[in-house]
Amino acid sequence: MKDWLGYQFIVGMPHMVPNKLSEVELLKWLGYYQWESISRLLGRKSHEITNLEKDRLYASFISVELFFPSTRPIDAFEEGSTVVIWNRVASYGRRFVEGLLLFDCEDIPATVTGPLATRVDLARSGRPWAYVTNAFIARGGTNTKLKIFEPEGMDAAHIPVLKSPPVGITEHQQVQTSSRLENELPDGAKPLVIDGAAAEVVYKISPESDLNGAALLYFARYVAMMDYGVRRFLAEKLARPVSSALIERLSTEHRRIFYFVNADPSDSVRIFVQAWRLPSTRAPATAGKSTIGRFLFQLDLYRASDGALMANTLVTKALVVPDGDKGLVSEAGRFVANAGEER
């Protein structure tokens, strides 16, 4: 497959959350394979990638978009599934990288990847996909001082070159300027809080789980913090709290994230959450399960120490409940029916 590099892993318990593949663990694999592809095309191991001054460089994430079609929801990636991943990277401006990732729990033939060259192509593929952009960065002493550099060896690298900025970078600049990820709600969407106000949740960074080997707050852990914000919002910020068992049944369909700054291990993150019930549902995820409702969450993350915008996301989640669990089915029905009535 020209310009595409292949990888795979088997879903085991360490990669799962209750009932499904963990989105956070999946992003860790996708991020690792993106970095591995960059390393292979640069012709050097990841820990050997440096700038011209020999400072160690890392592939910091600028944006991530992740999508699961109705024919292959995240619930379909069960324990024991072999996840096949194809990755294509291209560079822009010698300091940035765009990554296309197509994945599935069955083989992906070359006839599928061959025509794919853009994010729009990924969206038309009919399979799960991720679109990412990276910048090569070096630490400047702390996690609040990161600088972008060109890696040594770009002249001899075999990475395809983009003439125009990747859409992930141009969108990142637009969102950074407005400090807000624009949200076009469909007709019939209802806010879970009647006035639509954002609820605040505070997350204390945990160095034991949130930092990577470079002592940076890892990009996939931002998603963990966002899901923590969703859980706290649903369990504590509504007049009718949602049970943990029902919250566990929320499955990501589509997520867009833009990253802006990192944070030191001693800091906290202020998470502002807004949520809407969407008007339509999709087909049942798998046999014996039904999609009771779909929800859109918008989360903005701010560094507590100085108020800097760290990241924001829009994520659509389906509420997928086993038909045989009558208690959960009943709670899900009440939750969906009461959406928009919180005061």
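No value in this document is a laboratory result; all are computed from the given coordinates. Remember, it's a predicted structure, so these values are computed and weren't measured experimentally. Note that each Cβ is placed from the backbone with ideal geometry, even for glycine, and that neighbours are counted across all protein chains shown.
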Query raised in the report: Near residue 302, within a Cβ-to-Cβ distance under 15 Å, what is the net charge of the other residues, with Lys and Arg +1 and Asp and Glu -1?
Result: -1
Query raised in the report: What is the spin-label model distance, in nm, from residue 209 to residue 156 if the labels are put 7 Å beyond Cα along the C-beta direction?
Result: 4.4
Report summary line: Between residue 248 and residue 202, the two model label points (7 Å from Cα along the beta-carbon direction) sit apart by a distance in nm of 2.9
Requested in this report: Provide the net charge surrounding residue 94, with neighbours chosen by a C-beta distance below 12 Å and charges set as Lys +1, Arg +1, Asp -1, Glu -1.
Outcome: -2
Report summary line: Phi angles of the stretch 93-104, converted by Karplus (6.51 cos²θ - 1.76 cosθ + 1.60, θ = phi - 60°) into ³J(HN,Hα) in whole Hz with x for Gly and Pro, give x, 6, 10, 10, 9, 10, x, 9, 10, 10, 9, 6
**Report entry** residue 264-residue 120 FRET efficiency (beta carbon distance; Förster radius 41 Å; 0.05 resolution)
**Finding:** 0.60
Report task. Taking the dipole about the Cα centre of the stretch 180-343, with the C-beta of Lys and Arg at +1 and of Asp and Glu at -1, give me whichever of 226, 307, 211 is farthest to the positive side. Result -> 226
Report task. Using packing as a proxy for protection, rank 259-269, 245-255, 198-208 so that the peptide with the highest average count of other Cβ atoms within 10 Å comes first. Result -> 245-255, 259-269, 198-208
Requested in this report: Bin all alpha-carbon pair distances of the stretch 77-125 at 5 Å intervals from 0 and give each bin's fraction as a whole percent.
Outcome: 5, 18, 26, 21, 14, 10, 5, 2, 0
Report summary line: FRET efficiency for residue 107 and residue 70 from the Cβ-Cβ distance with R0 = 25 Å, rounded to 0.05, comes out at 0.75
Requested in this report: Hey, for a label at residue 173 modelled as a point 7 Å past Cα toward Cβ, could you say which residues of the stretch 147-162 have their backbone N under 17 Å away?
Outcome: 148-149, 162
**Report entry** Reach of residue 289 by Cα under 19 Å, taken over lysines that are not fewer than 8 positions away in the same chain
**Finding:** 20, 317, 326
Query raised in the report: Which of these values of Kirkwood radius over Cα pairs in Å was calculated from the structure shown: (1) 20.9; (2) 26.5; (3) 21.7?
Result: (1)
Query raised in the report: Peptides 24-30, 79-85: what's the order by average Cβ count within 10 Å, highest mean first?
Result: 24-30, 79-85
Query raised in the report: At a Förster distance of 41 Å, what's the computed FRET efficiency of residue 55 paired with residue 304, Cβ-Cβ distance as r, to 0.05?
Result: 0.90
Query raised in the report: How far is it, in nm, from the label point at residue 239 to the one at residue 183 when both lie 7 Å from their Cα along the line to the Cβ?
Result: 2.0
Query raised in the report: For the chain, what does -39500 (n - 2.57) per DSSP helix run (n ≥ 4), summed and divided by total residues, give at 222 nm, in deg cm²/dmol to the nearest 500?
Result: -7000 deg cm²/dmol
Query raised in the report: With θ set to phi - 60° and the Karplus curve 6.51 cos²θ - 1.76 cosθ + 1.60, what are the ³J(HN,Hα) couplings of the stretch 197-209 in order, to the nearest whole Hz, using x for Gly and Pro?
Result: 5, 7, 9, 9, 10, 10, 10, 8, 4, 10, x, 5, 10
